[in-house]
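Since every read-out is calculated from the coordinates, none of them should be taken as a lab result. Not measured: the values here are computed from a predicted model. Here Cβ is always computed from backbone atoms with ideal geometry, including for glycine, and neighbour counts include all displayed protein chains.
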Amino acid sequence: MAARINNQEINNQQFQMASLVSHPDEVKVVSRRFGQGATDIDRYLALDGYKAVQKALSMKPDDIITQVKESGLRGRGGAGFNAGLKWSFVPKQSAKPKYILCNGDESEPGTCKDRLIFEHDPHSVIEGVMIAGIAVGSHTGYIYIRGEYRYLSVIMQKAIRDAYAKGFLGKNIFGSGYDFDVYWHGGAGAYEVGEESALMESLEGKRGIPRIRPPFPAVVGLWGGPTVINNAETLASVPHIILGGADWYAKLGTPKNGGTRLFCLSGHLVKPGVYELPMGYNLKKMIYEVGGGIPNGRALKAVVPGGSSTPVLTVDEIDIPMDFDSVGKAGSMLGSGGVVVLDDTTCIVKFALRTMKFYRHESCGWCIPCREGTDWLEKTLTRFHNGGGLKKDIDNIQYLAENMLGRTFCPLGDAAAMPTIAFVKKFRKEFEDHLEGRPCPFEKAGAELAAV
Amino acid sequence: MKFSDEFESRFAEMLTHYPTKRSALVPTLLYAQDEIGHLSDEVIAELARRVDLTELEVRNVISYYSMLTTKPRGKYNVQVCTNIACMLRGGEELLDHCKKKLDVGHKGTTGDGMFTLEEVECIGACSWAPAVQVNYDFHENLTTDKLDKVLDEYKKKGTQ
């Protein structure tokens, strides 16, 4: 009996939507239309939909870029680069077509926010893509959604069809004389494709291996044309900035970190969920008040503040504002907004091992330091967790990880190395507790550990 | 090689979206796999012909993407996430439970062809962990009891 998936059935199915949460400290901008039925285009229009793109059509392209730049909107995919500045790198004149590429390949462990945007407000992404296109003089946009999110692809494909049916996409949009097309594109399971150059390779129908830079995508991107690549949340924020103004948006956050962002709270929390909070919201408060604190009377042990690739923070390091610069100053990264909370029953060695197992699985093998480094680190950590570690291994783990940093085409190598270095540096004692045949102190007695 | 009308119209439309034919390849492979069950030699040859690539080039792409498979799977692909957020909330226990209940290991298929079990990386359900995806359906905030009910439902649906 072979698996046969009926896509017609998927199209007609009522999906069980991911549950929404709320907290009084939330400031709803990108999540404003969540739970409001805005997948329906008429409902979206009633909720101020497609007003921003019409405003953008009446603006000078450079003014759109200036607005986005001054709003302090920074890349929500993790790198945190000023979105308007990124747009300004696209050359005005280009012999080849320019493209907008929306990155909806969300797959950084700890991150589940773009999913809610596609589920509840797909038109805001389309509108953001259109505005980006008008700003840089592009006429084509692609919205790439990871393969696992099939139900969201169904929602997005319908949203695009509805926008065409209304004449919002295609030739002469809103009677402006400007043509703009938006297409859906789907992945088929690959974390690395979330990296911008690998994303372009994947869209071009190839293995998702990274490209060397320079040239940067803004100059040479999809099929050699200048390409703006932004995360789905970044693009969904753009219409709100155009309507509300750069000042309003900037003031929601902290200096140089405009607006709000979706924080995905997960792990050992009483109330995990996706919350939209102002940039700069205090991490400790986020854990104890918004997330409801640690369940079962346990104590907090550590926090991974921005998805699995960001260095872990200890209990003493969490009284910080959650914006790109402050978390950077604390030695980690705001990343993709995935806040993973660990209580004191968690074995850090095991957590480090699971993180490394992921990166080993996802490494495409193009760059040797990443391919070999992740493999050796996974093997070492597996042996370590089983009690077969030696004292010199601890330094060796750190040495291996440090030598992966900055030596790969794409940041996957760094993403694997950075958290590992932090685990060893900040929780060295826990590594020492596993040494020389001692079983993991956190494992239940009698538990079987995998052999290397 | 016969695909559904829906597949054909989607494929024809997608080709108009890109300047190169092969750009349609990755999503097309997944839709083809959905219909046929796996990417058989015949499917690979057909799609290679359609996008002007060699079969080897298509296989090269297939081997990169974790959702694509050249081997048949069961009717329902049970994908258990054990990545960090799910691990902290019992993802590994769910996987162990499935292994015992279905009596198969990672990527194994039950004798009746009903279920394939797969340990997968983050599926984007971190705030609703632990989570399992069966084919494309998400099942979240699971316990072993809840998962039993979910699997029983699929089994019932699959034997109808």
Per residue convex hull volume, Cα only, region A:367-424, in Å³ is 62 Å³
Computed for the protein assembly as shown: size of charge dipole around the Cα centre, +1 on C-beta of each Lys and Arg, -1 on C-beta of each Asp and Glu, debye to nearest 20, value 580 debye
Ignoring GluC sites (Glu not before Pro) buried by more than 11 other Cβ within 10 Å or outside DSSP loops, the longest site-free run in chain A is A:1-435
Under 5 Å from the placed amide H of residue A:281, counting only residues 5+ away or on other chains, we find A:322
Cβ-Cβ cut-off under 10 Å around residue A:312, Lys and Arg +1, Asp and Glu -1: the net charge is +2
Spelling it out for residue A:74: with amide H atoms placed in the peptide plane at 1.01 Å from N, the residues 5 or more places away or on another chain with amide H under 5 Å from its amide H are A:83, A:258
With 0.36 nm assigned to each residue of separation and the Cα-Cα distance removed, residue A:443 to residue A:47 gains 137.4 nm
Using the Cα gyration tensor of region B:5-62, the equivalent ellipsoid's semi-axes, largest first and to the nearest Å, work out to 16, 15, 9
Final fewest-first order of A:399, A:191 on the 10 Å Cβ neighbour count is A:399, A:191
Note, region B:52-59: 3J(HN,Hα) by Karplus (6.51, -1.76, 1.60, θ = phi - 60°), whole Hz, Gly/Pro = x, goes 6, 10, 7, 4, 4, 4, 5, 4
Taking Lys and Arg as +1 and Asp and Glu as -1, residues besides residue A:282 with C-beta under 11 Å from its C-beta add up to -2
The distance between the Cα centres of region A:133-153 and region A:375-417, in whole Å, is 36 Å
If every Lys and Arg gets +1 and every Asp and Glu gets -1 at its Cβ, then about the Cα centre region B:3-160 yields a dipole, in debye to the nearest 20, of 160 debye
Checked region A:221-335 with the C-alpha gyration tensor, a ≥ b ≥ c its square-rooted eigenvalues, rounded below a/c of 1.5, otherwise prolate if a/b is larger than b/c and oblate if not; verdict prolate
D (µm²/s, integer) via Stokes-Einstein for region B:76-159, Kirkwood Rh across alpha-carbon pairs, 25 °C, 0.890 mPa s: value 199 µm²/s
For chain B, the Debye formula with one identical point scatterer on each Cα and no solvent gives log10 I(q)/I(0) at q = 0.15 Å⁻¹ as -0.86
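Pairs of alpha-carbon atoms within less than 8 angstrom and 6+ residues apart define the contacts here; what relative contact order does region B:76-159 have, in percent?
It comes to 36 percent, rounded to a whole number.
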Between the alpha carbon centres of region A:260-283 and region B:115-160 the gap in Å comes to 25 Å
The FRET efficiency for residue B:41 and residue A:372, from their Cβ-Cβ distance with R0 = 41 Å and rounded to 0.05, is 0.80
Cα extents of region A:51-202 per principal axis, largest first, Å, are 39, 34, 30
The helix B:25-36 Cα axis meets the longest alpha-carbon principal axis of chain B at an angle in degrees, between 0 and 90 and rounded to 10, of 60 degrees
Note: A:178-191 gets an average of partner chain Cβ contacts (10 Å, Cβ to Cβ) equal to 5
With no solvent term and unit scatterers on the alpha-carbon positions of region A:348-444, Debye gives log₁₀ I(q)/I(0) at q = 0.17 Å⁻¹ of -0.64
Non-local residues with an amide H under 5 Å from the amide H of residue A:301, with H modelled 1.01 Å from N and Pro and chain starts lacking one, are A:342, A:343, A:344
Placing each pseudo-label 7 Å from Cα in the direction of the beta carbon, residue B:157 and residue A:21 end up separated by a distance in nanometres of 2.8 nm
Compactness summary of the protein assembly as shown: radius of gyration and Dmax from Cα atoms, Å, are 23.4, 74
For peptide B:13-24, the mean count of other chain Cβ atoms within 10 Å per residue Cβ is 4
In region B:42-138, the trypsin sites (Lys or Arg not before Pro) that sit in a DSSP loop and have at most 15 other Cβ atoms within 10 Å of their own Cβ are B:107
With 0.36 nm assigned to each residue of separation and the Cα-Cα distance removed, residue A:55 to residue A:436 gains 130.5 nm
